[in-house]
1. To the nearest 20 Debye, how big is the dipole of segment 44-130 about its Cα centre, given +1 on the beta carbon of each Lys and Arg and -1 on that of each Asp and Glu?
2. For the chain, with every protein chain kept in place, what is the accessible area per residue (1.4 Å probe, Å²)?
3. Return the subset of Lys2/Lys37; Lys69/Lys276; Lys175/Lys248; Lys168/Lys273; Lys2/Lys39; Lys55/Lys276 for which the Cα-Cα distance in this structure is over 28 Å, preserving the input order.
4. Ignoring everything except DSSP H segments at least 4 long, calculate the 222 nm mean residue ellipticity for the chain; use -39,500 (n - 2.57) per segment, divide by total residues, nearest 500.
5. Label-point separation (nm) for Lys254 and Ser159, each offset 7 Å from Cα along Cα-to-Cβ?
6. Quick one: helix 210-220 against the long Cα principal axis of the chain, what's the angle to the nearest 10°, folded into 0 to 90?
7. With the full set of protein chains in place, find how many percent of the accessible area of segment 188-273 is carbon and sulfur; take the probe as 1.4 Å.
8. Please give the helix 93-104 orientation as an angle from the longest Cα principal axis of the chain, in degrees from 0 to 90, rounded to the nearest 10.
Amino acid sequence: MKVFLIGAGTMGTGIAQVLMSSSVVDQVYVMSRSREKAKSLIQRCIVKLERLVQKEKMSSEGLKVAVDKVTVVDDYHEVSNCSLVIEAVAEDYEIKKMVLGDICKHISEKTIIASNTSSLSITALAGHVRWPENVIGLHFFNPAPVMELVEIIAGAVTSEETRANVFKFVEDLGKKPVLVDEAPGFIVNRMLIPMLNEAVTILAEGVATKEDIDTAMMFGAHHPMGPLKLSDLIGNDVVLSIMDVIYKETGDSKYRAHPLLRKMVRAGLLGQKTNKGFYEYDNA
Ligand code: CAA
């Protein structure tokens, strides 16, 4: 199976690693805003896969196969040779709409278009595609190579065939699929992101330090990492944009983003990707 992947950010990179490592995927075409970004995505995947080889979780032969199946492309022409297109560009409706419009010029009636949106409406996105019944949400979790779950989101007109094909594909990747009918935040983000926002509220109110908030949830609720660390991992900008979408879609004030979160995003304190968020990082 040939897959076309667009987007070389955190999620695009994680998804690329999953695709490269899968025996059901023969070829992965990667496209980004620039060739350099796409090349750097592949380099980051290779570093992670080499670590797996060092840990004897992947063979050197397996690494070679994974690396050989990925190709950087500068335009959408190879889309016509792929049965699946995964869009993992920025979580911005206008950008996704533009990308879908470009993809559309190269698809056939059989091409499935999956969006790795974390909160936007699949029905609305499908409205920009020639065969909207082929459009579906494919929501991976960060870090994608580690997290087992993938939410599969059906828009209002997504066909049963598209749903079934994507469900099987996710199972073949070795991931755990769950089916969701479109709703703001789907399942996980509807619960998880307001919890992270609540942690920001607790911090802003001076109820506890960031360290104690994180320690509390790790040792009192058995979360693998604290909510503020997790917000830094996801990206505080992504957390804010999901809160804003859920708030806008529901009109419910319980989903209002805390002003501290917004202020941090305006200051560029996005978390791990900018080396500074609630905590400081050294990813150099
Ligand atoms: N890519 C590949 N592998 C990674 C990785 C990455 N980015 N980060 C960690 N790993 C691997 C490590 O290599 C390690 O593998 P081994 O066990 O084989 O050695 C394993 O994952 C565990 O990593 P660490 O030992 O470094 O650290 P850890 O045990 O603390 O686990 C974690 C790190 C997996 C991130 C864990 O803390 C965790 O599960 N955190 C919660 C993550 C979470 O909730 N993600 C969902 C976010 S919500 C989302 O993504 C949706 C959205 O739309 C916003």
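The values are calculated or read from the model by the stated rules, or taken from the named source; none is laboratory data. Predicted model only: the values in this text are computed from it and were never measured. All Cβ positions, even for glycine, are placed from backbone atoms using ideal geometry, and neighbour counts span all protein chains on display. Keep in mind that these areas ignore ligands, DNA and RNA; they rest on the heavy atoms of the full protein, side chains included. Shrake-Rupley method; radii C 1.70, N 1.55, O 1.52, S 1.80 Å.
1. 300
2. Numbers: 13890 Å² over 284 residues.
Solvent-accessible surface per residue comes out at 49 Å².
3. Correct reply: Lys69/Lys276; Lys175/Lys248; Lys168/Lys273; Lys55/Lys276.
4. Calculated mean residue ellipticity at 222 nm is -14000 deg cm²/dmol.
5. Rounded to a tenth, the inter-label distance reads 3.9 nm.
6. On a 0 to 90 degree scale, this one is about 70.
7. Summing carbon and sulfur atoms, their accessible area is 56 percent of the total for segment 188-273.
8. Compared with the principal axis, the helix lies near 10 degrees.
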